[in-house]
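The values are calculated or read from the model by the stated rules, or taken from the named source; none is laboratory data. None of these values were measured; they are calculated from a predicted model. We work out accessible area using only protein heavy atoms, side chains counted, and drop any ligands, DNA or RNA first. Shrake-Rupley method; radii C 1.70, N 1.55, O 1.52, S 1.80 Å.
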Amino acid sequence: MHMAGGVVAFSDVIAVTSGDGQVWLLDRSTGQVRSTVPPLTGPLDAIVPPGVQDYRALAVASDLLVIGSTTGYVTAVGPDGRVTWRHAGGRLG
């Protein structure tokens with residue numbers, strides 16, 4: 001079973017996830033892909049193999065998209081998809 005983390009809107013972007021961990025940043029007006037955030041690999045790959053399933057929970061904090069991951073990382077990106085910071089939490093997202 002593949003689960004995705006839902007949909008959120010921030011700035012002029014709509015963010016959506018796929019079950020393999022890909023995050024898509026779409027232009028709010030046109031729906032065109034503006035940027036993507038690739039699936040992650042991390043310290044929990046023995047438990048959750050990369051590319052098989054990575055539930056990416058999404059939240060918005062100010063002008064950042066905060067992305068959880070079952071790899072144990074939490075990542076923040078701007079509307080352009082550039083990583084602002086990443087924290088290795090060492091737990092299942």
Modelled with pLDDT of 90 or more, open to solvent by less than 30 Å² (accessible area, probe 1.4 Å) and more than 14 Å from Thr17 (Cα to Cα): is that true of Ala61 in this structure? no
Can you report the number of residues in segment 29-55 which are at pLDDT below 95 and more than 20 Å from Trp85 (Cα to Cα)? 9
